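Only one structure is covered here, and it is reproduced in the block below.
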Amino acid sequence: MNIKNVMTREDFMRFFRNTEKLNELTVDDRIEIFRTILVGSSDLTKDLLNEILGDYNVNNLEIIEVTNDKI
């Protein structure tokens, strides 16, 4: 694959903030991005997940936090 144009961080963020361009993505495209964009498990917190549920007006799910303390 020969890439002539490289997308910079600024290019990506400009695309991400452009509603018209985002509307060109399919639902599957959006799910793929959503599922892969975070770096690791430490990015997934109860607060973040609750914020996302609130942003999407999802009222039928609840996030609980369980700690596995070793005795």
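The values are calculated or read from the model by the stated rules, or taken from the named source; none is laboratory data. Just so we're clear, the structure is a prediction, and the values are computed from it rather than from any experiment. Cβ sites come from the backbone with ideal geometry, for glycine too, and all protein chains shown count toward neighbours. Keep in mind that these areas ignore ligands, DNA and RNA; they rest on the heavy atoms of the full protein, side chains included. Shrake-Rupley method; radii C 1.70, N 1.55, O 1.52, S 1.80 Å.
So, of the residues in the stretch 1-29 that are open to solvent by 100 Å² or more (accessible area, probe 1.4 Å), in a helix (DSSP H, G or I) and not hydrophobic (A, V, I, L, M, F, W, C), which turns out to be nearest to residue 67 (Cα to Cα)?
Quick first cut of the stretch 1-29, residues open to solvent by 100 Å² or more (accessible area, probe 1.4 Å) only: 1-7, 9-10, 14, 16-17, 20, 23-24, 27-28.
Next cut, in a helix (DSSP H, G or I) only: 9-10, 14, 16, 20, 27-28.
Within this subset, residues satisfying the condition of being not hydrophobic (A, V, I, L, M, F, W, C) are 9-10, 14, 20, 28.
Values: 9: 36, 10: 38, 14: 39, 20: 42, 28: 33 Å.
In this case the residue turns out to be 28.
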Review point. Which condition breaks for residue 65 when tested against (1) in contact with a helix residue (DSSP H, G or I) (Cβ under 6 Å, 6 or more places away or on another chain); (2) not in a loop (DSSP other than H, G, I, E, B)?
Key: (2)
